[in-house]
1. Search region 1-14 for residues being over 9 Å from the mean Cα position of the chain (by Cα) and hydrophobic (A, V, I, L, M, F, W, C), and hand back the single one that is most open to solvent (accessible area, probe 1.4 Å).
2. Write out, first by first residue and then by second, each pair whose Cβ atoms fall under 6 Å of each other, whose residues are 6+ apart or on separate chains, and whose first residue, in region 1-17, is outside any helix (DSSP H, G or I) while the second is of a type outside the set (Phe, Trp, Tyr) and buried (at least 16 other Cβ atoms within 10 Å of the Cβ).
3. Scan region 20-45 for residues that are assigned to a loop (DSSP other than H, G, I, E, B) and open to solvent by 50 Å² or more (accessible area, probe 1.4 Å) and report the count.
Amino acid sequence: MSHDLALAQSHAFQLSRDLMVAVTVFEVDGEYGVLPSDEIDASDDLAVIHEFHPFGAH
């Protein structure tokens, strides 16, 4: 988790390209995190910020 949104987004973009999967940046309690999108459940209490796709589609 990070308090720096720009850093989280940078890591998410690179992770998406490296793993070739969609990756989501989310916020919980003022901190930002990154997970592969398929690991996030609708029941998770997350504020989704952005989803990065490895082929550039948003």
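The values are calculated or read from the model by the stated rules, or taken from the named source; none is laboratory data. Quantities reported herein were computed from a predicted structural model and do not represent experimental measurements. In this analysis, Cβ positions are derived from the backbone assuming ideal geometry, glycine residues included, and neighbour counts consider all displayed protein chains. Heads up: the accessible areas ignore ligands, DNA and RNA and are worked out on the full protein's heavy atoms, side chains in. Shrake-Rupley method; radii C 1.70, N 1.55, O 1.52, S 1.80 Å.
1. Only one residue tops the list, namely 1.
2. Filtered contacts from region 1-17: 1/33; 2/8.
3. Number of matching residues: 8.
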